[in-house]
Amino acid sequence: MKNIILASANLHKIEEIRQMLPDGFTLQSAADIGFIDDVEETGKTFEANAELKARALFEFANEPALADDSGLEVKTLNGQPGVRSARFAGEPVNHEKNVELLLSKLEGNADRSARFVTVLCLITQDKTFFFEGEVKGVIGTEIKGKGGFGYDPVFIPEGHTRTFAEMSAEEKNSMSHRRNALNKLLDFLTYI
């Protein structure tokens, strides 16, 4: 399985995963194969949402399909924004408003610990597999950096002083939650 079809319309996410794949693997987006349905993320967990998207793509393509669901969990906010990360500030998705809302909810809070989580779901002809990755860190007090997307301008990974948005794509991709989940998937793919 050297060609992977990803159930995502998020161009940032697609490009990020493409950059992380080793030589010999290719990534097609759902749109590349003509799948343009917007799968509603009604699940209450990252696993459920990833499976909803992968299942819809698998049924369309009748080929192994991969989907991810990712989000930010902030300890003092009881895991929010969680599965609602992209729509934290409501519809339509607006990354700037999400970050502003997060910073306002954390104002004056000493505990700013958080983690980014990614769950990848791979559906093949006969099985469903999940691969989870995380990166722990803290939420900064202000927006810093121009790179990345989503909450990257306020997320400082553990052991670092810069936000993901202040790092190069290569630096972020070497340690991100998506990288950690993708490494597990790639390890798995070498054995099937």
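So the values come out like this:
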{"read-out": "Hits among lysines - C-alpha to C-alpha of Lys2 under 28 Å, sequence gap 8 or more where chains match", "value": "Lys13, Lys53, Lys127, Lys172, Lys184"}
{"read-out": "Charge dipole magnitude, Cβ of K and R +1, D and E -1 - the chain, Cα centre, debye nearest 20", "value": "400 debye"}
{"read-out": "Highest-MSF residue in the chain out of Ala56, Ala65, Ala110 [GNM, Cα springs under 10 Å]", "value": "Ala110"}
{"read-out": "Surrounding net charge for Asp37, when Lys and Arg each add one and Asp and Glu each subtract one, Cβ distance under 13 Å", "value": "-2"}
{"read-out": "Mean Cβ neighbour count within 10 Å, used as a protection proxy, ranking 147-155, 11-19, 174-182 highest first", "value": "147-155, 174-182, 11-19"}
{"read-out": "Span from the segment 111-173 Cα centroid across to the segment 2-51 one, whole angstrom", "value": "17 Å"}
{"read-out": "Isotropic mean projected area of the C-alpha convex hull, the chain (nm²)", "value": "10.6 nm²"}
{"read-out": "Contour excess over end-to-end distance, with Cα ends at Thr26 and Asn3 and 0.36 nm allotted per residue", "value": "7.8 nm"}
{"read-out": "Structure-based [θ]222 nm, the chain - -39500 (n - 2.57) summed over DSSP H runs of at least 4, per residue, nearest 500", "value": "-9000 deg cm²/dmol"}
{"read-out": "Alpha carbon convex hull of segment 70-167, volume per residue in cubic angstrom", "value": "114 Å³"}
{"read-out": "Considering only segment 3-189, percent of DSSP beta bridges that pair antiparallel, nearest 5", "value": "80 percent"}
{"read-out": "Mean separation of Cα contacts under 8 Å, 6 or more apart, over the residue count of segment 127-192: relative contact order %", "value": "34 percent"}
{"read-out": "Over segment 3-189, relative contact order from alpha-carbon pairs under 8 Å, at least 6 apart, %", "value": "18 percent"}
{"read-out": "Positive dipole terminus of the chain, leading residue within Asn3, Ile143, Ala56 (C-beta point charges)", "value": "Ile143"}
{"read-out": "Relative counts (whole %) of C-alpha pair distances in segment 4-69, using bins that are 10 Å wide", "value": "22, 54, 22, 1"}
{"read-out": "Summed side-chain charge close to Leu122 - residues other than Leu122 whose Cβ falls under 15 Å, Lys, Arg +1, Asp, Glu -1", "value": "-3"}
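Every read-out reported here was derived from the displayed coordinates using simple, explicitly stated rules and does not represent laboratory data. No experiment lies behind these values; they were computed from the predicted model shown. So basically every Cβ, Gly included, is an ideal-geometry build from the backbone, and we count neighbours across all protein chains shown.
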